[in-house]
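The next block holds one structure in the form of C-alpha cells; read it before the comments.
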Amino acid sequence: FSNTLYATTNNVVTGAEVWRSPTGNLGSWEQCNVDGFGDVRNTELWVAAVFDGYLYAATAQWEAWDSDAHTGVEVWRTSDGADWSQINTDGFGDRENFAYAMAPFNSYLYLSTTNTNAGTELWRCATCDGSDWGQVVGGNFGDSNNFGAFLLDFDNYFYACTQNETIGAEVWRTTNGTDWNQVN
C-alpha cells in the first residue's frame, strides 16, 4: 500500500466508496470497492488502517441510524486494494456499535467503537480474518460520560483518548492492550 494513495468518499445515496491512485494526479483515480461494500446503509467510512499487509476500513451507518435500520459497524479488509472481505459480524453482535478509531499496536489491530447503550468499547484481533476479534475494554473505561476513543501508539505505549463532555477528555494507556491506566 506504500506505492498507492487511497481515499474514501461518503455517499448517502449508494454507499461509501474507496478510491485509489498510483500517482494522485487528476484522472488517475479509480474506485476499488463496490458502493457501500454491497450495503447501501454503509454510507460512511470513518476509519482505516494498514496492518500486517492488509488495508482495513470500518463503516458507519449514520443515515440508517435515523431510520432505525442500522446493523452496526462492519470491518473490511483487502490485500490488493481490489478484493474486499468483511472480517467481523455486523456490530460485533451489537447493532449499536459504530466505528470510532482504528490503529495497530504490538501485533494487534485495535478498533474503538462508540455505543449508545454499552458506551466506549475496544476490540482487537491478531490474524484479523474474522476468527479472533475480542473485546478488551467495555463500559466506557468506567465513566459513563466517555464517548469513543481516539487511538495512538507512542513511545512503547498504546493510548486511548476519550471524549468526555462532563469532566473533559480522559487519557488511558497500556503496554499490553488489556491492562489500562488513566494518565491524566
Handout entry: Every residue from the stretch 14-32 that is in contact (Cβ under 8 Å) with a residue 24 or more places away in the chain, assigned to a loop (DSSP other than H, G, I, E, B) and hydrophobic (A, V, I, L, M, F, W, C)
Key = A16, C32
Exercise for the section: Under 7 Å between Cβ atoms, at least 6 apart or on separate chains: pull out the pairs that start in the stretch 135-146 with a residue that is free of Cβ contacts under 8 Å to residues at least 40 places away in the same chain and end on any residue that is hydroxyl-bearing (S, T, Y) and open to solvent by 40 Å² or more (accessible area, probe 1.4 Å). Expected result: N145/T166
Completion exercise
Flagged pairs (Cβ under 6 angstrom, 6 or more apart or on separate chains; first in the stretch 169-180, closer than 16 Å to T120 by Cα and open to solvent by 40 Å² or more (accessible area, probe 1.4 Å); second of a type in the set (A, V, I, L, M, F, W, C) and in a loop (DSSP other than H, G, I, E, B)) are R173/V183
Practice task
Can you confirm whether the stretch 45-58 contains a residue that is among the charged types (D, E, K, R) and on the phi < 0 side of the Ramachandran plot?
Solution key: no
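From F98, F92, grab the single residue that is buried (at least 19 other Cβ atoms within 10 Å of the Cβ), touching an Asp or Glu at 6+ places or on another chain (Cβ under 9 Å) and either in a strand (DSSP E or B) or touching a residue at least 24 places away in the same chain (Cβ under 8 Å) (or both).
Details: F98 fails: touching an Asp or Glu at 6+ places or on another chain (Cβ under 9 Å).
Going through F98, F92 in turn, the sole match is F92.
Which ones in the stretch 1-50 are open to solvent by less than 20 Å² (accessible area, probe 1.4 Å) and among the acidic types (D, E)?
Residues of the stretch 1-50 open to solvent by less than 20 Å² (accessible area, probe 1.4 Å): 15-16, 18, 21, 32-33, 36, 42-45, 47, 49.
If the condition is that a residue be open to solvent by less than 20 Å² (accessible area, probe 1.4 Å) and among the acidic types (D, E), then E44 is the only one that fits.
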Exercise for the section: For residues that are surrounded by fewer than 14 Cβ atoms within 10 Å (Cβ to Cβ) and farther than 28 Å from Y54 by Cα, scanning just the stretch 143-168, find the one that is modelled with the lowest pLDDT. Expected result: S144
Problem - Selected residue (only one of S67, S79, S112 is touching a strand residue (DSSP E or B) at 6+ places or on another chain (Cβ under 6 Å) and more than 21 Å from A149 (Cβ to Cβ)) - result: S79
Problem - Residues located in the stretch 4-50, provided they are of a type in the set (S, T, Y), within 16 Å of W62 (Cα to Cα) and over 18 Å from the mean Cα position of the chain (by Cα) - result: T14
Handout entry: Scope the stretch 51-89; condition open to solvent by 10 Å² or more (accessible area, probe 1.4 Å), among the aliphatic types (A, V, I, L, M) and under 17 Å from the mean Cα position of the chain (by Cα); matching residues
Key = L55
Problem - Residues of the stretch 1-10 satisfying the condition of being under 24 Å from F150 (Cα atoms) and part of a loop (DSSP other than H, G, I, E, B) - result: F1, S2, N10
Exercise for the section: State whether the residues of the stretch 43-59 include one that is in a loop (DSSP other than H, G, I, E, B), at pLDDT 90 or above and under 27 Å from Y159 (Cβ atoms). Expected result: yes
Exercise for the section: Kindly provide the set of residues from the stretch 114-147 that are assigned to a strand (DSSP E or B), in contact with a helix residue (DSSP H, G or I) (Cβ under 7 Å, 6 or more places away or on another chain) and more than 14 Å from D179 (Cα to Cα), ordered by number. Expected result: N146
Handout entry: Any hit, the stretch 120-129, residues being closer than 29 Å to D68 by Cβ, aromatic (F, W, Y) and open to solvent by less than 20 Å² (accessible area, probe 1.4 Å)
Key = no
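The values are calculated or read from the model by the stated rules, or taken from the named source; none is laboratory data. This structure is a prediction, so every number in the text was calculated from the model and none was measured. A quick note on method: Cβ atoms are made from the backbone with ideal geometry, for glycine too, and the neighbour counts reach across all protein chains shown. Quick note on the areas: whole protein, heavy atoms, side chains included, nothing else; ligands and nucleic acids left out. Shrake-Rupley method; radii C 1.70, N 1.55, O 1.52, S 1.80 Å.
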